[in-house]
Structures are given as C-alpha cells and as structure tokens.
Amino acid sequence: MHAAFISHFGDSSVIQIKTIEPQAPIGGEVQIKITSAGLNRADILYREGRHYMRPATFPARIGYEGAGIVTAVGPETQAAIGERVALFPCGFDVTTQGALAQTVTVPYAQTISTPAHISDHDAGAYWMMYLTASGALLPYVKKDATVAISAASSSVGMAAIATCRALGAFPIALTTQIETKWDALLAAGAHEVLDIRASDLAKQLKAIDVAFCAVSGPVINSYTKALKPGGRIIQYGLLDASPWTPHVGLMIGKHIALEYFNIVQLLENPMQLAETIAFIQTHIGKALPIHMHQTFPLNDLVRAMEVMEANRHVGKIVILP
Ligand SMILES: NC(=O)c1ccc[n+]([C@@H]2O[C@H](COP(=O)([O-])OP(=O)(O)OC[C@H]3O[C@@H](n4cnc5c(N)ncnc54)[C@H](OP(=O)(O)O)[C@@H]3O)[C@@H](O)[C@H]2O)c1
C-alpha cells in the first residue's frame, strides 16, 4: 500500500509517497482501507515542524483525519469487516499511522461509525472541521447570538457558519479575500461578510456575542471592542503570528473571556465529546453540509498542499487514496 511520509521538516518537497506493507491489527485494533482523507492546515504545520503535535521519529507518516472501510480486525474487538468508520482526528498515532495513506491500523475505540447517507468520498472530510467548530461553539452559542468567524472560508470556518445557523445564531464571516469569496460565504449561510483587514472592523462588527478565531494577532483587539459585556473569544488557530498588545483594560472592564480550544481537549472530555458527536451525526449532510473544494489522488498530495497554501480555496481539500 502507499502512504505519505516526511523525512524531515520543510516545504512540500519533503513529502514522499512510499510503498509499505499494511500493518496487521492486534488486540483491539482494526485495519482500515482509507476511502477519503481530509487535508488540514495542521498537516502543513506538522510538515513544517510548527504544529504543537510533532513526529516522534523520522521518517514519519502524516495525516490527522480520514475514513474508510474495515478490512481486518484484531482478536479483541467487536468490529466487523466491511464496517464504514472514520478516525477520531488526532486520536491516533500520526507518526506511524498517518491517514494520508491507503491503509491505517488503529484502535477500534478511536473510530466513529459513518452514517449510511454519507458517501465514502465524503466520509473522511468532515470530522475535523465539525468537531472543531461545533465542539468549540456548542457550549457558548445560543439562539439569536451574533458570532464573528475569522478564516471564514477555511473548512473549519465554513463548519462554524453552518453550526451557528443550525443553532439559530447569526454568523458574521471575516475573510481576507472579500472580493472573491463573498458569494460563496453568503451562499454558505453567512449573515454578513466583512473584510478582516478593514481598519474600522470593530465598528462594522457592531455588537457580537462570540468571536471564533483561527487568526489571532491584532484582530483580537477589534473583537474586544465589538464584544458585548460578558462576551467570549474562542481562539483555535494561529494563522497570523504578528505580535499584538491586548486591550487588557477593556477585557477586564467588559469581563471578556479569552479561551483556547483544541480538538485533543475535546477528545479527553467524554460528556462534551458525546454531545458534539450526537449534534454532528444528527445534522451532517443536512443542516451541516460538507463543503468540498477539490479532491486529489494521494500521488498529487504535493499539489493539494500547494492549493491549500495559496489560500484561494473555499471549504475542504480532500485526498482520495
Ligand atoms: N484547534 C484545533 O483543534 C484545530 C483543529 C483544526 C484546525 N485548526 C486550525 O483551524 C484553522 C483552519 O484550518 P483548515 O484546515 O480549515 O484551514 P484552511 O481550509 O486551509 O484555511 C485557509 C484559510 O484561512 C485563512 N487564512 C490563511 N492565512 C491567513 C492569515 N495569515 N490571516 C488571516 N486568515 C488567513 C484564509 O481564509 P479567508 O480567505 O477566508 O481569509 C484561507 O483561505 C487552521 O489555523 C488550523 O490550524 C485548529
């Protein structure tokens, strides 16, 4: 079988597609033939050595998310051959079982059943984006709330727009490319689309309840100004690492909460995880659409990464191994 590896950190030239033997499952493991694997910005950060999860050794496999069909089972699992499952994003050992591959072997406990109405082609595309967006937003977004969403055209941003709509809230999409992405963001359910780089962004945002942010940097101060007293910033990415000085006085005065979210914490919180999975399984493919930008074969992984790094896409880039 073919699997993507990195031999050291660097640009897309460090990607190698190698032929290796699939690993036989032991104990509670299952072997899964991957039918689709979402590409995530985290894969690029991992490749560059800038992600908080780093490979334990080199060469290292790569790929945080994916789904497929069980092809072999270990002696201590109830799983059935032919079962359609997705991987819990980040819930397995990426260094040895990265999902940008034709096969992975992981504990059955680290998989989620794929609903019958979701195709094999879509199944590996949505867990990372919706576990991140819905997992972070469900505890805080109430009906009629106004939510600012940065990197709105990213896969997680699009999932956040849909999550807000499913909860009866108003998503305000913030994008760096308002001219080219305006229509797609409105079609995806944005109540308004704003240029995240506008100098009067705080004024345009008016009054918001929550900011869901993958960007960081100076935009945080625009949220602070626009947030209602008691509002919340949920920071889950660092696309802009520019230094900034927080308006701490304003944050104290308005009692604004700044929270950091990552999917691993969600996986470690059984109650919040169960609520999030139930919400996604109920609405996926309906109120929670799977916005697919483009698919690539595994042999074209380098090109897929280049498309992601160009930032012109809207929604999910998916590898079909
Ligand atoms: N915390 C977690 O557990 C978790 C889980 C999954 C993903 N993430 C993070 O979520 C973010 C989105 O991931 P993804 O895979 O959905 O990404 P993606 O689809 O590749 O998103 C790319 C988009 O982000 C925006 N962007 C890129 N660079 C930017 C910059 N310097 N300033 C402002 N906006 C910028 C652009 O959107 P516009 O054109 O609309 O501006 C760009 O098209 C990443 O930061 C990723 O690391 C975090």
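Here are a few things to note about the model shown:
- Overall form of the chain per C-alpha gyration tensor (a/c, 1.5; a/b vs b/c): prolate
- Less than 5 angstrom separates the built amide H of Val73 from those of Gln31, all sequence-distant by 5 or more or on a different chain.
- Projecting the Cα atoms of Thr95, Ile34, Val314 onto the charge dipole of the chain, computed from C-beta unit charges around the Cα centre, puts Val314 farthest toward the positive end.
- Beta bridges per DSSP, both residues in the chain: antiparallel share near 50 percent.
- Anchor Lys316: lysines whose Cα lies under 26 Å away (excluding residues fewer than 8 positions away in-chain): Lys18, Lys33, Lys181, Lys286
- Each of Thr146, Thr295 was scored by other Cβ atoms within 10 Å of its Cβ. Listed from fewest to most, they are Thr295, Thr146.
- One chain, two ends: Asp93 and Glu48. Fully extended at 0.36 nm per residue, the span grows by 14.4 nm beyond their Cα-Cα distance.
- Proximity of backbone amide H atoms, modeled 1.01 Å from N, is registered between Leu227 and Ile208 at under 5 Å, excluding neighbours fewer than 5 places apart on the same chain.
- Stretch in the chain that is longest and holds no GluC sites (Glu not before Pro) that DSSP places in a loop and that have at most 16 other beta carbons within 10 Å: 77-267
- Sorting 4-15, 158-169, 134-145 by average packing, meaning the other beta carbons within 10 Å per residue, from highest down gives 158-169, 134-145, 4-15.
- Per-residue HN-Hα couplings for the stretch 23-32 [Karplus 6.51, -1.76, 1.60; θ = phi - 60°; Hz; x = Gly/Pro]: 8, 6, x, 10, x, x, 8, 10, 9, 10
- The chain, helix-only ellipticity at 222 nm - DSSP H runs n ≥ 4, -39,500 (n - 2.57), divided by all residues, nearest 500: -8500 deg cm²/dmol
- Three-way shape label, the stretch 129-264, alpha-carbon gyration tensor, a/c 1.5: rounded
- The Cα atoms of the stretch 232-302 give a gyration tensor whose axes a ≥ b ≥ c have a/c of 1.5 or more with a/b no greater than b/c, which makes the shape oblate.
- Scalar couplings 3J(HN,Hα) for the stretch 140-153, obtained by applying the Karplus form with A = 6.51, B = -1.76, C = 1.60 to θ = phi - 60°, are 10, 9, 9, 3, 6, 5, 9, 10, 7, 10, 7, 6, 4, 8 Hz; x denotes Gly and Pro.
- Under 5 Å between amide hydrogens, built in the peptide plane, is the criterion, and for Val106 it picks out Val30, Ile32 among residues at least 5 positions away or on other chains.
- Euclidean distance of C-alpha centroids, the stretch 8-34 and the stretch 77-93, integer Å: 15
- Length-normalised contact order of the chain in % [C-alpha pairs under 8 Å, at least 6 apart]: 17
- GNM top mover of Ile118, Ile252, Ile233 - the chain, alpha-carbon springs below 10 Å: Ile252
- J(HN,Hα) series, the stretch 75-87, from Karplus relation 6.51 cos²θ - 1.76 cosθ + 1.60, nearest Hz, glycine and proline x: x, 10, 10, 8, 4, 10, 4, x, 4, 9, 9, 10, 8
Each reported figure results from applying straightforward, stated rules to the coordinates on display, with no laboratory input. What you see is a predicted model, and the numbers here were worked out from it, not measured in a lab. Cβ atoms come from the backbone with ideal geometry, glycine included; neighbour counts cover every protein chain shown.
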